[in-house]
Structures are given as structure tokens and as C-alpha cells.
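So the structure is just underneath, and the comments pick up after that.
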Amino acid sequence: TALLGRPVDEALADALVDVAARVADGAVADYIPELAGADPGAFGISMASVLGRVYGAGDRDALFTIQSISKPFVYALALAELGPEEVLRHVGLEPSGEPFNAISLDEDGRPANPLINAGAIVTTSLIPAAGADERFARLRDTLSRFAGRELDLDEAVYRSEAQTGHRNRALAGLTLAAGVLGTDDVDDATDPYFRQCALLVSTTDLALMGTTLANGGVHPLTREQVVDEIVARDTLSLMATCGMYDRSGAWIFRVGMPAKSGVGGGIVAVKPGEFGVGVFSPPLDPAGNSSRGVALLEMLSARSGLHMFDHT
Ligand code: GLN
């Protein structure tokens with residue numbers, strides 16, 4: 001059997017992990033000690049179809065922090081709560097071509113897009129809530145619905161992110177000064193942002209979160225409509241243009257799938273209408289994307305015909 005008739009199954013997952021494991025490039029993120037201690041050899045993949053079939057290989061159940069992969073899902077919540085017009089007043093739709101932590105504000109003072117840090121912090125600040133705790137509770141609830149189970153917080157990673165996140169606080173301050181932050185208290189934006197980055201996921205969680213987007217916002221196993229179909233489409237659009245930081249152009253050229261990476265070593269990629277893929281391998285390339293994860297997804301896309309501009 002294969003995923004919806006695609007040549008994608010457990011044997012292929014095993015083979016891809018074997019081949020991509022030979023990619024030895026990259027370095028584990030070391031901006032906080034908790035990430036520097038990650039096992040560079042950990043490597044897993046999961047794939048989940050819109051019909052609820054799940055395949056995987058390697059360290060598919062290992063838990064790691066979601067980091068920037070939280071950003072599109074929080075963006076989806078902001079779109080659902082406020083609508084695209086209001087969200088667009090605060091954060092743009094353009095690939096920045098710059099690193100994830102760039103000081104990148106357009107002529108209207110908006111961050112270029114919601115998938116770089118500046119834009120993600122603004123997006124988090126837009127979620128209606130009385131304060132940081134309630135805002136994080138809402139984010140965690142939404143990300144958990146996308147995954148189909150309650151996601152836990154890695155307290156140590158959160159504390160480290162908060163202690164060392166001066167650049168992210170500065171980005172929040174700049175967006176507050178530019179009039180696009182959703183709160184006038186920087187910590188009410190950055191504290192929930194640090195916590196959303198420290199939520200723990202497995203590749204299976206990522207695959208199911210991706211499948212929920214692939215499936216018009218409906219989780220394939222819980223059957224919950226987490227967001228509307230149009231919100232899922234809007235979110236995938238941003239992932240296609242901006243999901244891989246300043247390698248987003250090369251990514252869509254080679255792999256051709258909406259995706260999002262995180263410095264914890266995870267990547268989620270989506271074949272709309274069909275399935276989601278989650279990959280985990282901590283060593284990162286210079287742009288902050290998992291080296292083996294990128295290599296594996298390039299092979300998977302080529303082998304199984306997943307490029308969005310393939311004509312069949
Ligand atoms: N917590 C990280 C940060 O804000 C997340 C960035 C990432 O995954 N690229 O710097």
C-alpha cells in the first residue's frame with residue numbers, strides 16, 4: 001500500500017532515512033545550552049495522509065522543540081480570529097530574503113512576513129487575550145488541536161529563550177514603535193512567543209499538523225475542523241513563499257512543497273489535498289534549516305512526484 005496511490009510507504013521512509021543519514025553537513029543550534037545538547041544523530045520521519053494513514057521511520061517519536069514551525073500555525077489562528085485584512089495591516093506577505101532574525105520592516109513599518117521572527121512576534125501579539133498567560137494558553141490550545149493531542153512545554157528551553165532573547169525583544173520593541181505590535185507591552189508578545197517555540201513535538205505530531213493544513217483545516221484523526229479551509233490555504237501560501245527563511249526560493253525550486261523549518265531540527269512539509277510530512281534531524285545548514293531534513297525531503301519529492309508544479 002502507499003499514501004493515496006503515491007509511491008510513499010514505510011519502506012521508502014526507511015530508505016530515505018538511510019540515504020539522507022549520510023549527509024554529514026550542518027551544526028546543531030547552540031544559541032542556548034538546551035539546544036546545543038541535542039543528539040546530532042537523531043533522525044526521524046513521519047508521513048500522515050488526509051485519510052489518517054501514518055507511516056514513519058527512525059526516531060519518529062522523539063520529542064524536540066517546535067521552534068519556528070509554530071509560526072504558520074499561530075498565523076492561522078490570527079487569520080481565523082481577525083481576518084486577513086486586519087492581519088495584513090500588521091504583517092506583510094513578502095519573502096524577506098533575509099535571515100530569520102533580521103531587522104526587517106517594510107515602508108509601512110510591518111515585518112515582511114509572519115514566518116520570520118519579527119513577523120511571528122507581531123502575529124503572536126495579535127491573538128486576542130488579556131495577557132501573556134492567556135495568550136499562550138490560546139496558542140497552545142490551537143497548536144494542540146492541529147496536532148490532535150495536548151502538547152507539553154519544555155520549561156528549560158522556554159526559560160533559556162526568555163533569558164537570552166534580547167534580539168527578539170528588540171524586534172518587538174521596533175514593531176511597537178512602528179505601530180504594528182498588537183500590544184503596548186513588549187513582554188506580552190515575546191513571552192508567549194518564547195513559550196510557543198518551546199512546545200514539544202514529534203515528527204508524527206508535525207506530520208499530522210501538516211496534514212490538517214493539507215486537508216482544508218480538518219484533522220485527519222480527530223476530524224475536528226481546526227481552522228476554515230481558506231485559512232488553511234492562506235497559511236500554506238505563506239509556507240510556500242517564506243517557510244524556509246532565506247532559502248525559500250531554492251526550496252520551492254527543488255522540493256516544490258509548502259514547508260516550515262525550526263532551529264530544533266524539525267521541518268513540516270505539505271502535499272495539499274494528500275498528506276503532511278514531519279522530519280527531525282538537529283544539525284542545521286547556514287540558513288537554520290535541518291541539513292538532513294532538506295536532503296531527505298528533496299529525495300522524497302523527486303522520488304514520489306510531490307513538486308507542486310509537476311503536471312501530474
Ligand atoms: N526560538 C528561536 C528564535 O526566536 C526560533 C527561531 C527559529 O526556529 N528559527 O530565535
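Can you tell me the orientation of helix 70-82 relative to the chain, as the angle in degrees between its alpha-carbon axis and the longest Cα principal axis, to the nearest 10?
Between helix and principal axis, roughly 60 degrees.
Once phi is turned into ³J(HN,Hα) by the Karplus curve 6.51 cos²θ - 1.76 cosθ + 1.60 with θ = phi - 60°, what whole-Hz value does each residue of the range 198-212 show in order, with x for glycine and proline?
9, 6, 9, 9, 10, 5, 5, 4, 4, 4, 5, 4, x, 5, 4
DSSP loop trypsin sites (Lys or Arg not before Pro) in the range 1-72 with at most 13 other Cβ atoms within 10 Å of their Cβ, which ones?
Those satisfying the criteria are 22.
Pull up all non-local amide H partners of residue 218: gap of 5 or more, or a different chain, and H-to-H distance under 5 Å with H placed in the peptide plane.
So residue 218 has HN proximity to 226.
Taking 7 Å along the Cα-to-C-beta vector as the label spot, tell me the residue 307-residue 101 distance in nanometres, rounded to one decimal.
3.4 nm
For the chain, build the charge dipole from Cβ charges (+1 Lys, Arg; -1 Asp, Glu) around the Cα centre, then report which of 17, 267, 99 sits farthest towards its positive end.
17
Within 9 Å, Cβ to Cβ, of residue 191, how many net charges do the neighbouring residues add up to if Lys/Arg are +1 and Asp/Glu are -1? Before the final figure, lay out the partial values.
Working: positive: 135, 195; negative: 133, 187, 188.
Summing Lys and Arg as +1 and Asp and Glu as -1 gives -1.
Please list, ordered by chain and number, the residues whose modelled amide H lies under 5 Å from the amide H of residue 59; skip anything fewer than 5 residues away on the same chain.
Correct list: 43, 44, 45.
How charged is the neighbourhood of residue 8? Take every other residue with its Cβ under 13 Å from the Cβ of residue 8, and add Lys/Arg as +1 and Asp/Glu as -1.
Charge balance in the 13 Å sphere: 0.
Applying a 10 Å radius around every beta-carbon, put 119-125, 211-217 in order of their mean neighbour count, most first.
Per-residue mean Cβ counts within 10 Å order the peptides as 119-125, 211-217.
With label points built 7 Å along Cα→Cβ from the Cα atoms of residue 21 and residue 187, find their separation and express it in nm.
Label at residue 21, label at residue 187, 4.6 nm between them.
I want the local charge near residue 94. Using Cβ-Cβ distances under 10 Å, sum +1 for each Lys or Arg and -1 for each Asp or Glu among the other residues.
Once all neighbours under 10 Å are counted, the net charge is 0.
In whole Hz, with x marking every Gly and Pro, tabulate ³J(HN,Hα) for the range 47-55 from phi via Karplus 6.51 cos²θ - 1.76 cosθ + 1.60, θ = phi - 60°.
Taking θ as phi minus 60°, the curve returns 9, 10, 8, 5, 8, x, 7, 10, 10 Hz for the range 47-55.
Given DSSP loops and a limit of at most 10 other Cβ atoms within 10 Å, what is the longest stretch of the chain that contains no such GluC sites (Glu not before Pro)?
That gives 151-312 as the longest site-free run.
So how tilted is helix 186-197 from the main axis of the chain? Cα-based, degrees 0 to 90, rounded to 10.
Tilt relative to the chain: about 10 degrees.
Calculate the length of the line joining the C-alpha centroid of the range 65-125 to that of the range 206-264, in whole Å.
15 Å
Sorted from fewest to most neighbouring beta carbons within 10 Å, what does the list 171, 151, 176, 200 look like?
Fewest to most other Cβ atoms nearby, the residues stand as 200, 176, 151, 171.
Nearest 10 degrees is fine. How inclined is helix 132-147 to the longest principal axis of the chain, computing both from alpha carbons?
Once rounded, the angle reads 20 degrees.
Ranked by Cβ crowding within 10 angstrom, fewest neighbours first, how are 158, 31 ordered?
Lowest count first: 31, 158.
Jot down the radius of gyration and Dmax of the range 70-197, Cα atoms only, both in angstrom.
Computed over the Cα atoms of the range 70-197, radius of gyration and Dmax are 13.4, 41 Å.
Coordinate-derived values only; no laboratory data. Everything numeric in this text was worked out from a predicted model, so none of it was measured. Cβ coordinates were reconstructed from backbone atoms using ideal geometry, including for glycine residues, and neighbour counts include every protein chain displayed.
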